[in-house]
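The values are calculated or read from the model by the stated rules, or taken from the named source; none is laboratory data. Just so it is clear, the structure is predicted and the values come from calculations on it, not from any experiment. Here the Cβ positions follow ideal geometry from the backbone for every residue, glycine too, while neighbour counts run over all protein chains shown.
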Amino acid sequence: MQRPRILCTLALAATGFILSACGGGGGGTSGTPPVVGQGSVPMASARALDVSTRSAPVTCTPILTANPNTKLNPTRTIRFVGVPNDGNDEEEGQHEDRVRNIDGGGCDYGIYLGPNSKHARLRHARVHGAGHIQVVADGAEDFQISDTVVDGHGSDPTGDGIWFAYGTTGSVERSIITDAFDGIVIINNARGLVGETLIKNMSFLGINVQGSNVVVEDVRVDNSMNVGGGVAIQHGSTGNLRNITAIGSGQPTVLPGPEDGFFFGNGAPSTVTTHNLTAIHMQRGFASYCAIGVNSIADLTNAGDRAINSTIAPFTVLTTGC
């Protein structure tokens, strides 16, 4: 059962965010799948634009110093290697009356966790200010984010909120991701859970899954004040989607391409199970391109899935050009 009240009661008042949606309403990577032609494949892969690092009086660590074997863009810099702890332990800020302010200003990535990171926890924090991506997990194991706000505003207009990449495992729960290109990217053999989370004001996608496995449940994606789509499971990904509402503006995304509530496929078969998904005022409520087992509109949705007020079509299935 969907539990929207959890999002409304999230104890993050100190951040200054107002959950107006409640009550009804990355980086160049050598392994990133290529962008497929826009004509038949509306939800392209995560883009790989390069933007210079902002100048600021802070220490920015080269990514190659933190992880010489990184597959992410080697020119990027990091503000915090690991979860900063304010001189105490990593549980600092876990109480609801204390919210850590983690400012990644001046560097490309705000928080970076490499393959040596295991069981890191990011709780009761506001992460913001990085020029490109706020939180990056690059092969980390069991990285859990909870009760946290990630504000994607940075110097890069295509900057993202959170990346789980290259075998990372972890979760994002009871959190808020705002104002980014992609809210959460799960890519290149990563495995992640996203639950009880609000994602709002994206310009491309709320959750973008590529070549990975994901469970998304009890999530609200509200892009009614921007042009982003909802959730895309693509490039051979697998997943389970349950109790998700995606709200759009009925306009093309910034790439440009159709604004889809839920998209499956994109150049390689993807396998996903859905239940109780709702797309509201998207250009296309549900869309697929070369998704395995999806050959007609009847194959596209499952119990409880619905599209409301779509501006192009509620359901679109593309099976040619695979």
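Brief remarks follow.
- Conditions (1) surrounded by fewer than 19 Cβ atoms within 10 Å (Cβ to Cβ); (2) closer than 23 Å to S175 by Cβ; (3) among the hydrophobic types (A, V, I, L, M, F, W, C): number failed by A268: (2)
- Within region 231-247, tally of residues that are touching an Asp or Glu at 6+ places or on another chain (Cβ under 7 Å) and under 14 Å from L198 (Cα atoms): 2
- For T311, the stated conditions hold: it is in a loop (DSSP other than H, G, I, E, B), surrounded by fewer than 20 Cβ atoms within 10 Å (Cβ to Cβ) and modelled with pLDDT of 95 or more.
- Residue tally, condition part of a loop (DSSP other than H, G, I, E, B), surrounded by 24 or more Cβ atoms within 10 Å (Cβ to Cβ) and at pLDDT 95 or above, over region 279-307: 2
- For region 130-162, the set of residues classified as over 16 Å from R76 (Cβ atoms), polar (S, T, N, Q) and assigned to a strand (DSSP E or B) consists of Q144, S146, listed by residue number.
- Among residues of region 212-232 that are farther than 19 Å from T169 by Cβ, those with a beta-carbon under 9 Å from a residue that is of a type in the set (K, R) and in a loop (DSSP other than H, G, I, E, B) at least six positions away or on a different chain give the pairs D218/R3.
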